[in-house]
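S.K.: Below is a structure I'd like to ask you about.
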Amino acid sequence: MKGFNAVVRMATVGVLMTIAGAAIAQQNYPNKPIRFITPYPPGGSTTVLARLVGQKLTESWGQQVIVDNRGGGNTIIGTEALVKSPPDGHTIFLASPLLVILPHLYHALPYDTLRDVAPVATLASTELILVLNPSVPANNLQELIALAKSMPGQLNYASSSSGGPTHLAGEMFNIMAGVKTQHVPYKGGGPALTDLLGGQVQMYFNTPVSFISHIKSGKLKAIAISGEMRLSTFPQVPTFTQAGLAGFDVGYWQGILVPAGTPKAIIDKLSAELSRIVALPDIKAKLDSQGFAPFISTPAQFAVLLKSDMAKYAKVIKTANIKIE
């Protein structure tokens, strides 16, 4: 019994030391500058969001947050840089749905999407809106579906990249509406929008902020928006459910990850601070100007979102037989 009691005492001491270590890690965190990786080139809404959040973290914690743009490789380069970083909370990463889309498009990624990262918190979300060139003889979703069925493969939809959310939104529409429209990929949203305005393509799914001025000027027709509610910016545009295509869900989110193995105490502290930041009135106003809304979640809720989106997009990619060469 003496030996057993000694083992118990040692185990108890070990547990207490672990708890104490976690508490100290949380109290001391952060104790050096934080690297904030965005897997995109400088510029655009992702850099804006990273700088907004990074500045607030700097103000709160007194440690500089350095935005590190690691563009290229369809976000793979930036994600690999994250998973190779020390799991101490001093490297954070701005993720989007591409994180859970890529495993279904590439046979060999240099990381395991769910095993090698730890979710911290979501920051912001937006929906995707379907717009048409005015030359398309359809003024609502049902008319568009009827037109697409009458001319299979003859309507084209643009995307800002192959395999991204704007591509998969078009394929989800094809599947759910029972139509066949043709995908035309572009290298970025700018060229896609230019050809849409010029009539080279007829349809495009993207964030509402991409189209505000063109919809208001009549250069584009807004048909429907994903999500559960209409936008105050476009109160006349119905949701897909209201327009007769229930279940069409292609919301776009952005959130924070850290390397797997980061102590839970640090993740919880970072998550709580990020949730406080995105709820601030000035941050909410700036997000709104970029077409985003605050989207707050706990690490556990974010983990559920990652798994559900991975399953959702896997089904679309398999059904549409999408491949990245």
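The values are calculated or read from the model by the stated rules, or taken from the named source; none is laboratory data. Predicted, not measured: the structure shown is a model, and the values here were computed from it. All Cβ positions, glycine included, derive from the backbone under ideal geometry; neighbour counts span all protein chains shown.
S.K.: Hey, can you tell me all the residues within segment 284-309 that are of a type in the set (A, V, I, L, M), touching a helix residue (DSSP H, G or I) at 6+ places or on another chain (Cβ under 6 Å) and more than 16 Å from residue 117 (Cβ to Cβ)?
M.R.: Within segment 284-309, just 296 meets the criteria.
S.K.: Find the residue count for segment 194-211, including only residues that are buried (at least 20 other Cβ atoms within 10 Å of the Cβ) and within 13 Å of residue 183 (Cα to Cα).
M.R.: 6
S.K.: Would you be able to tell me the number of residues in segment 253-281 that are surrounded by fewer than 16 Cβ atoms within 10 Å (Cβ to Cβ) and closer than 17 Å to residue 51 by Cβ?
M.R.: Here the count works out to 1.
S.K.: With the condition being at pLDDT 95 or above and under 15 Å from the mean Cα position of the chain (by Cα), I'd like the strands (runs of 3 or more DSSP E) fully within segment 27-126 carrying at least 1 qualifying residues.
M.R.: Fully inside segment 27-126 and qualifying: 34-38, 91-95, 117-126.
S.K.: Another question, if that's okay. What number of residues in segment 66-102 are crowded, with 21+ Cβ neighbours inside 10 Å, aliphatic (A, V, I, L, M) and free of Cβ contacts under 8 Å to residues at least 60 places away in the same chain?
M.R.: Result for segment 66-102: 0.
S.K.: With 131, 120 as the choices, which residue is of a type outside the set (D, E, K, R) and either without any contact (Cβ under 8 Å) to a residue 24 or more places away in the chain or closer than 23 Å to residue 193 by Cβ (or both)? Break it down stepwise before answering.
M.R.: On the way: 120 fails: either without any contact (Cβ under 8 Å) to a residue 24 or more places away in the chain or closer than 23 Å to residue 193 by Cβ (or both).
Result: 131 is the single residue among 131, 120 that is of a type outside the set (D, E, K, R) and either without any contact (Cβ under 8 Å) to a residue 24 or more places away in the chain or closer than 23 Å to residue 193 by Cβ (or both).
S.K.: Test residue 190 against the stated conditions and say whether it is under 23 Å from residue 132 (Cβ atoms) and either in contact with a Lys or Arg (Cβ under 7 Å, 6 or more places away or on another chain) or modelled with pLDDT of 95 or more (or both).
M.R.: Considered against the rule, which asks whether it is under 23 Å from residue 132 (Cβ atoms) and either in contact with a Lys or Arg (Cβ under 7 Å, 6 or more places away or on another chain) or modelled with pLDDT of 95 or more (or both), residue 190 comes out as no.
S.K.: Have a look at 297, 271, 308, 275 and point out the one that is hydroxyl-bearing (Ser, Thr, Tyr) and without any contact (Cβ under 8 Å) to a residue 12 or more places away in the chain.
M.R.: Criteria check complete, one pass: 308.
S.K.: Yes or no: residue 262 farther than 23 Å from residue 292 by Cα and either modelled with pLDDT under 95 or not in a helix (DSSP H, G or I) (or both)?
M.R.: Numbers: farther than 23 Å from residue 292 by Cα: yes; either modelled with pLDDT under 95 or not in a helix (DSSP H, G or I) (or both): yes.
Yes; evaluated as a whole, the condition is true for this residue.
S.K.: Considering segment 140-191 alone, what residues qualify as being assigned to a loop (DSSP other than H, G, I, E, B), free of Cβ contacts under 8 Å to residues at least 40 places away in the same chain, touching a Pro at 6+ places or on another chain (Cβ under 8 Å) and not basic (Lys, Arg)?
M.R.: 179, the sole residue that qualifies.
S.K.: So which residues in segment 212-252 are within 22 Å of residue 96 (Cα to Cα), surrounded by fewer than 21 Cβ atoms within 10 Å (Cβ to Cβ), in contact with a strand residue (DSSP E or B) (Cβ under 9 Å, 6 or more places away or on another chain) and not small (Gly, Ala, Ser)?
M.R.: Answer for segment 212-252, where residues must be within 22 Å of residue 96 (Cα to Cα), surrounded by fewer than 21 Cβ atoms within 10 Å (Cβ to Cβ), in contact with a strand residue (DSSP E or B) (Cβ under 9 Å, 6 or more places away or on another chain) and not small (Gly, Ala, Ser): 228, 229, 231.
S.K.: Assuming residue 168 fulfils every condition listed in (1) closer than 25 Å to residue 321 by Cβ; (2) in contact with a Gly (Cβ under 9 Å, 6 or more places away or on another chain) apart from one, which condition is it?
M.R.: Unmet condition: (2).
Let's see how each residue does on (1) modelled with pLDDT under 95; (2) assigned to a helix (DSSP H, G or I):
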position	(1), (2)
195	no, yes
216	yes, yes
222	no, no
266	no, yes
277	no, yes
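S.K.: Name the residue that is nearest to residue 165 (Cα to Cα), counting only residues in segment 282-295 that are surrounded by fewer than 18 Cβ atoms within 10 Å (Cβ to Cβ) and among the hydrophobic types (A, V, I, L, M, F, W, C).
M.R.: 293
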